[in-house]
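What follows is one structure encoded as structure tokens, with my remarks underneath.
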Amino acid sequence: MKSSVLILLLTCLVLPGSGLAAFTDCAISWDSFANNPGFIAAYTYKGTPIKDTESDGTGGDDTHGNANVPPAATDLASGVDATNPGPETTPFFGYYNGGTTYDPDDPSTMEDDVLFFRMRLRGDPTFKGAFDSYHWNILLDVDADGYKEYWIDLEGSYQQSGSSTTDRLNILYDNSNRQDISDPDAARIDAFSANSAANPDATCADAGESHTRAMAVSTLDPTDTSGDWVIEFQIPMTAFNDGQGNQVVYPNSPVAFVFSTGASNQNPLQKDWMMDLDYLTNADPITFGDIVYPNGQPVIE
């Protein structure tokens, strides 16, 4: 009897299908995140939506790495006009439960859950129908130690100009007390197709295979004349495992984010950051945004 209970327990902890995804995995409709039971919310620090300063001549951007901020495609934005930062939120996160409410006692209810991220940029991140050769990043701190455990890396340099392959959205896992990753290939636990626009096909219907998309902000809000752009990301919750099949992040797990840009597949803090991170070196902790639960449940402090 005891051995049967142990086997059942291990089955609950190791989720089926948590290995490396295929580039042909279908994305879900982007409308899922804006409609019940999905949501999209401004990401905050100390309860206030994060608005990054820009390198646009109105005071400069003092929240950036050693490689500085330009070009505009790697400059996190807030709709700067007369003041810097501007009035618009830079990072967003969201969630869709797949139509089934997550039940902690039934891990299978998480298998259709998807996380959403959006970052606002001062310039167009695309090039010849793909992403330009930079990296757009979201770091996840899942144990409140000030170090990233997961790095979501939109690798625009993955597609060669004129190639038929798509760019790549990497999910990297590294639980060391560093912000960078010396061997991204060894740390990669999942990867998804990443196009700058939807790529529908017969098997995926309208959503297509791409787990990313980019658009001018005016597409979302015709009254926004800033000229800014956004990139949106969607990642299945099952991707956040330890590479051995053990799920680490659940819909009700506390997690904090840092949004950043770079030109490196090893250093996610090379170019722009969403706010002042109290950055010293990649061997030191940094300041993440507020702790949230992916499914949007309130955080009680």
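The values are calculated or read from the model by the stated rules, or taken from the named source; none is laboratory data. The structure presented is a predicted model; accordingly, all values stated were derived computationally and were not measured. We place every Cβ from the backbone using ideal geometry, glycine too, and count neighbours over all the protein chains shown. Each accessible area value is taken on the protein alone, full model and side chains, heavy atoms only, with ligands, DNA and RNA left out. Shrake-Rupley method; radii C 1.70, N 1.55, O 1.52, S 1.80 Å.
Worth pointing out:
- Leading residue by the ranking (modelled with the highest pLDDT) among those in the stretch 1-19 that are open to solvent by less than 90 Å² (accessible area, probe 1.4 Å) and not in a helix (DSSP H, G or I): Gly19
- Residue that is open to solvent by less than 10 Å² (accessible area, probe 1.4 Å), within 30 Å of Asn84 (Cα to Cα) and either in a loop (DSSP other than H, G, I, E, B) or among the β-branched types (Val, Ile, Thr) (or both), where the choices are Ile181, Ile231: Ile231
- Single match in Gly47, Gly59 (criterion: modelled with pLDDT of 95 or more and at positive phi): Gly47
- Only listed residue being more than 26 Å from Thr287 (Cβ to Cβ), touching a Ser or Thr at 6+ places or on another chain (Cβ under 8 Å) and open to solvent by less than 10 Å² (accessible area, probe 1.4 Å), chosen from Ser210, Ser218: Ser210
- Of all residues in the stretch 20-43, those being out of contact with any strand residue (DSSP E or B) (no Cβ under 8 Å at 6 or more places or on another chain) and either closer than 14 Å to Pro91 by Cα or open to solvent by less than 40 Å² (accessible area, probe 1.4 Å) (or both) number 0.
Let's see how each residue does on (1) among the charged types (D, E, K, R); (2) in contact with an Asp or Glu (Cβ under 7 Å, 6 or more places away or on another chain):
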{"residue": "Ala214", "(1), (2)": "no, no"}
{"residue": "Asp228", "(1), (2)": "yes, no"}
{"residue": "Val248", "(1), (2)": "no, yes"}
{"residue": "Asn252", "(1), (2)": "no, no"}
